[in-house]
Amino acid sequence: MKKSKKSKPKQIIFAVSIVVVLVALVLFYQIPTNSESINLDMNRQIGTVDTSLGSPIMGSSNASITIIEFGDYQCPSCKKWFLDTKPDIVTNYIETGKAKLIFVDIAFLGKDSVPASIATYCAEEQEKYWDYHGFLYSNQLSIDSGWANSDSLKGYAYNLGLDMDLFVSCLDSAKYQKRVQFNTNEAQGNGVTGTPTFFIVGPDGIQEKIVGPQPYPVFEKIIESMS
């Protein structure tokens, strides 16, 4: 009996030590190891593409067909597709729930390409990703001409009514630089060498690739074949 009474405090200390270690481990894995704070679905593998760090989903997450767009905000062909083809795709497929769209950055055309992509994720913090995304393409000028430098990017945020303190802090710290680099690597790993490039993934996993700012009928034919 004496022996058990002496060992009981040791057992309590050991149990407390285990709890402390477990709590420390939980906190370690919950705290980001860098300045990026990403709250996304980390299992968003669609076809051959890991889209987990790409854009928010445009459309219904339950849509059976996924359009993955690889683009650079300084790409004039991307702007052409944005203006000429995307509106019909949004109307006929995304708004009807037949397809969803995810944008994955491949920021490689100039020095302002990465900051422009970072800025979209700073806008996402305020639930304005797609507004900012569209504003960039609508106001795009020639590569590295100043239209996507830091001051311009902040001006767009102001025009969209974002909280400027939060946005400026996010942009100046390059908070999402690793996220943009991950997406660029993912694009290149999937053989993307020019923009825009699209992967259309059907419900059975069949994947079709479209290169360039192709007109609406090209997309329509593929999507309908997968429906």
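The values are calculated or read from the model by the stated rules, or taken from the named source; none is laboratory data. If you're wondering where the values come from, they're calculated on a predicted model, not measured in any experiment. In this analysis, Cβ positions are derived from the backbone assuming ideal geometry, glycine residues included, and neighbour counts consider all displayed protein chains. All accessible areas refer to the heavy atoms of the entire protein, side chains included, with ligands and DNA or RNA removed. Shrake-Rupley method; radii C 1.70, N 1.55, O 1.52, S 1.80 Å.
Can you confirm whether Thr195 is part of a loop (DSSP other than H, G, I, E, B) and buried (at least 20 other Cβ atoms within 10 Å of the Cβ)? Walk me through how you get there before you give the answer.
On the way: part of a loop (DSSP other than H, G, I, E, B): yes; buried (at least 20 other Cβ atoms within 10 Å of the Cβ): yes.
Against the criterion (part of a loop (DSSP other than H, G, I, E, B) and buried (at least 20 other Cβ atoms within 10 Å of the Cβ)), Thr195 qualifies.
With Ile206, Ile200 as the choices, which residue is open to solvent by 10 Å² or more (accessible area, probe 1.4 Å) and β-branched (Val, Ile, Thr)? Walk me through it before giving the result.
Details: Ile200 fails: open to solvent by 10 Å² or more (accessible area, probe 1.4 Å).
Being open to solvent by 10 Å² or more (accessible area, probe 1.4 Å) and β-branched (Val, Ile, Thr) holds for just one of Ile206, Ile200, which is Ile206.
Can you give me the number of residues within the range 87-102 that are crowded, with 24+ Cβ neighbours inside 10 Å and either assigned to a helix (DSSP H, G or I) or within 13 Å of the chain's Cα centre (by Cα) (or both)?
Kept after step one, since they are crowded, with 24+ Cβ neighbours inside 10 Å, are these residues of the range 87-102: 99.
Next cut, either assigned to a helix (DSSP H, G or I) or within 13 Å of the chain's Cα centre (by Cα) (or both) only: none.
Residues meeting the conditions: 0.
Considering every residue within the range 163-184, establish whether at least one is in contact with a Phe, Trp or Tyr (Cβ under 9 Å, 6 or more places away or on another chain), of a type outside the set (Asp, Glu) and open to solvent by 80 Å² or more (accessible area, probe 1.4 Å). I'd like the intermediate steps shown before the answer.
First pass over the range 163-184, keeping only residues in contact with a Phe, Trp or Tyr (Cβ under 9 Å, 6 or more places away or on another chain): 164, 167, 170, 175-176, 179-180, 183-184.
In the following step, the residues that additionally are of a type outside the set (Asp, Glu) were identified as 164, 167, 170, 175-176, 179-180, 183-184.
Still in the list and also open to solvent by 80 Å² or more (accessible area, probe 1.4 Å): none.
Scanning the range 163-184 turns up no residue that is in contact with a Phe, Trp or Tyr (Cβ under 9 Å, 6 or more places away or on another chain), of a type outside the set (Asp, Glu) and open to solvent by 80 Å² or more (accessible area, probe 1.4 Å).
Here is a list: Ala174, Ala157. Which entry is hydrophobic (A, V, I, L, M, F, W, C), in a helix (DSSP H, G or I) and under 21 Å from the mean Cα position of the chain (by Cα)?
On the way: Ala174 fails: in a helix (DSSP H, G or I).
Answer to the check: Ala157.
Run Gln188 past the list (1) open to solvent by 40 Å² or more (accessible area, probe 1.4 Å); (2) closer than 23 Å to Ala63 by Cα; (3) of a type in the set (S, T, N, Q) and report the number of the one that doesn't hold.
All conditions pass for Gln188, except number (2).
May I ask you to verify whether Ala63 is in contact with a Lys or Arg (Cβ under 6 Å, 6 or more places away or on another chain), at negative phi and open to solvent by less than 10 Å² (accessible area, probe 1.4 Å)? Show your work before the answer.
Numbers: in contact with a Lys or Arg (Cβ under 6 Å, 6 or more places away or on another chain): yes; at negative phi: yes; open to solvent by less than 10 Å² (accessible area, probe 1.4 Å): yes.
Considered against the rule, which asks whether it is in contact with a Lys or Arg (Cβ under 6 Å, 6 or more places away or on another chain), at negative phi and open to solvent by less than 10 Å² (accessible area, probe 1.4 Å), Ala63 comes out as yes.
Test Val114 against the stated conditions and say whether it is modelled with pLDDT of 95 or more, in contact with a strand residue (DSSP E or B) (Cβ under 9 Å, 6 or more places away or on another chain) and not in a helix (DSSP H, G or I).
Working: modelled with pLDDT of 95 or more: yes; in contact with a strand residue (DSSP E or B) (Cβ under 9 Å, 6 or more places away or on another chain): yes; not in a helix (DSSP H, G or I): no.
When the stated conditions are applied, Val114 does not pass them.
Could you grab me the full set of residues in the range 108-120 that are without any contact (Cβ under 8 Å) to a residue 60 or more places away in the chain and either of a type in the set (A, V, I, L, M, F, W, C) or farther than 20 Å from Asp144 by Cα (or both)? Don't jump to the end; show me each part of the working.
Step one: filter the range 108-120 for residues without any contact (Cβ under 8 Å) to a residue 60 or more places away in the chain, giving 110-113, 115-116, 119.
Selection gives Ala116, Ala119.
Consider only pairs whose beta carbons are under 6 Å apart and that are at least six residues apart or on different chains; among these, list those whose first residue lies in the range 91-107 and is over 14 Å from Trp130 (Cα atoms) and whose second residue is in a strand (DSSP E or B) and small (Gly, Ala, Ser).
Close Cβ pairs satisfying both conditions: Tyr93/Ala99.
Taking the range 140-155, which residues are within 29 Å of Asp50 (Cα to Cα) and either in contact with a helix residue (DSSP H, G or I) (Cβ under 6 Å, 6 or more places away or on another chain) or open to solvent by 60 Å² or more (accessible area, probe 1.4 Å) (or both)? Break it down stepwise before answering.
Within the range 140-155, the subset within 29 Å of Asp50 (Cα to Cα) is 140, 143-144, 148-150, 153.
Listed by number, the residues that qualify are Gln140, Ile143, Ala148, Leu153.
Only one of these conditions is not met by Tyr216: (1) within 20 Å of Asp88 (Cβ to Cβ); (2) buried (at least 20 other Cβ atoms within 10 Å of the Cβ); (3) among the aromatic types (Phe, Trp, Tyr). Which number is it?
Just one mismatch for Tyr216, condition (2).
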